[in-house]
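The values are calculated or read from the model by the stated rules, or taken from the named source; none is laboratory data. Because the structure is predicted, anything quoted here is derived from the model rather than measured. Here the Cβ is made from the backbone with ideal geometry for all residues, glycine too, and neighbour counts use every protein chain on show. Quick note on the areas: whole protein, heavy atoms, side chains included, nothing else; ligands and nucleic acids left out. Shrake-Rupley method; radii C 1.70, N 1.55, O 1.52, S 1.80 Å.
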Amino acid sequence: MPISSMSILRHRTIIPTTAAALPTVAKIIRQISTLRCVSVAAAKQHQNPNVSRKSQPPNKKLLRAKHTFKDYSSLAPVLSPQDKPPLYESQTVGTVAAAQANFMRVIVEPPRSIEDSKVELLCVVKAVLKKIKRRVLVGDKVLVRSIDWVDRRGMIENVYQRSSEILDPPVANVDHLLVLFSMEQPKLEPFALTRFLIEAESTGIPLTLALNKSELVDEEAKAAWKFRLRKWGYKPLFCSVESKHGLDSLAFILRDQTSVIVGPSGVGKSSLINALRSNHHASDAAEGESLFDPISGSKWYGDQLVGQVSTRSGRGKHTTRNVSLLPLSNGGYLADTPGFNQPSLTKVTKQSLAQTFPEIRKMLSDSEPAKCSFNDCLHLGEPGCVVSADWERYPYYFQLLDEIRIREEFQLRTYGTKKEGDVRYKAGDKGVQQAEPRLELKKHRRVSRKSMNQSLLDELDELDDDNLLDEENDAFLKATRDENQ
């Protein structure tokens, strides 16, 4: 009896007898398969909880917030001078004092474990700053990390915002410009002086014009140049490193600010810096005290190298080869820069050139409320222009305007008007904007062997053609001589 009952149950379970049982069996099979899939997914989720289910579309508000704050790049966030980020023991904030090759000398405040008040570190620049073209200049306030206090090494991680910046020479956070020329050896040239003054005026930084080596000229020459420069709109300061004349006035002007001394080679920039610092060193030695803060491992106390003027060309030799920031005893810093004879004037445009001439500014202010008829007037004799041409440096203005116009036209043809940023943004997971440096295109790729060989063959063909032409010309000349004979 039990055997028959079991056979009946097995018969009823495996082979249904009625058609109504078909959907019930299919429903049971679907439920079993569903439960099995759920159990397998739960087991996988238990093994790897990071794996999520089906990705949900990103929230629009989240995307809008991410897009709004995309300017704060994770590559190198911009730091304002008032920012005080939390610093670790291997991090500190300092000022770039010198730049040479790929290394920067940074003056920092050491931790409490080091007795020195200030320490000079030899630092390299973080690679991402180079990729996004965030240049580190002398005078920059920088954030240094990975510091080795024993070997005085570190790496510049970020740069703070600058209050000012000049390109020739490259210095940041400048308060004052000292344009230095010499009366003789090398001789003062009006056009070269004009170029340096325009470069200084284009920065918008207050400037002082000083004329060195005044002991080499007589009083009449100094009076003539003083009257001439006053017509230009400047009050020159005559000084002499040899006779120490005018050095006290310069020291008073340069106190408590960061100044940059610019001028051509041979005018005495390094000699003037040595004279200003040696005077104060001598007075400090007499008093028995030093006004400079001790800086461990620093080369700031050494004198700047000085070269002689070339007797052949009458120009100075390039003795100073890098920019360095030097402390002054009265407070502040003075930057010694390499000499150069031709400022680039890269920041000066056709429209801004007129504002770098004090003569034009004076004529425009005297003619108020009258103005030029055209807003883009270049003051070249246009109808209704209030700037006349009866001033000394008008030919220099015309020459420089023509030079800048040619440069701008060349840049427009070469580069166009579109300029891409140094950082680009990619849409990452869930539409989040990710910053990455925009790398330069490989414009200087290696020439293939096929192109190189083809160019050599073309040159050989050109040489053969030239030789054939020479032979034909020689034959023609020989025949002509034979006929004449």
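Things worth noting here:
- Pairing residues of the stretch 155-172 that are without any contact (Cβ under 8 Å) to a residue 60 or more places away in the chain with residues that are surrounded by fewer than 22 Cβ atoms within 10 Å (Cβ to Cβ) and of a type in the set (S, T, Y), at Cβ distances under 6 Å and at least 6 apart in sequence or on separate chains, gives M155/S146.
- When each of R134, R145 is tested for being part of a loop (DSSP other than H, G, I, E, B) and closer than 28 Å to R438 by Cα, the lone residue that passes is R134.
- Restricting L193, L207, L229 to those that are among the aliphatic types (A, V, I, L, M) and either in contact with a Ser or Thr (Cβ under 8 Å, 6 or more places away or on another chain) or open to solvent by 40 Å² or more (accessible area, probe 1.4 Å) (or both) reduces the list to L207.
- Close pairs (9 angstrom Cβ cut-off, 6 or more residues apart or separate chains): under 16 Å from C385 (Cα atoms) in the stretch 350-366, β-branched (V, I, T) and surrounded by fewer than 17 Cβ atoms within 10 Å (Cβ to Cβ) anywhere: M363/V386; L364/V386; D366/V386
- Residue check: M155 meets all listed conditions (1) open to solvent by 60 Å² or more (accessible area, probe 1.4 Å); (2) assigned to a strand (DSSP E or B); (3) not polar (S, T, N, Q) but one, namely (1).
- Close pairs from the stretch 257-271: first closer than 10 Å to V179 by Cα, partner surrounded by fewer than 24 Cβ atoms within 10 Å (Cβ to Cβ) and of a type in the set (K, R), Cβ under 8 Å, at least 6 apart: P264/R315
- Some residue of the stretch 233-248 being crowded, with 20+ Cβ neighbours inside 10 Å, under 19 Å from the mean Cα position of the chain (by Cα) and either hydroxyl-bearing (S, T, Y) or closer than 30 Å to Y394 by Cα (or both): no
- Test: residue in the stretch 75-93 that is within 26 Å of V262 (Cα to Cα) and at pLDDT 85 or above: no
- Restricting attention to the stretch 435-453, the residues being modelled with pLDDT of 70 or more and open to solvent by less than 100 Å² (accessible area, probe 1.4 Å) number 8.
- Residue in the stretch 113-121 that is assigned to a loop (DSSP other than H, G, I, E, B), touching a Leu at 6+ places or on another chain (Cβ under 9 Å) and open to solvent by 20 Å² or more (accessible area, probe 1.4 Å) present: no
- Any chance D140 is touching a Ser or Thr at 6+ places or on another chain (Cβ under 8 Å) and not assigned by the TED database to the domain that holds S240: yes
- Search result, residues across the stretch 327-352 that are surrounded by 21 or more Cβ atoms within 10 Å (Cβ to Cβ), at pLDDT below 85 and outside any loop (DSSP other than H, G, I, E, B): D336
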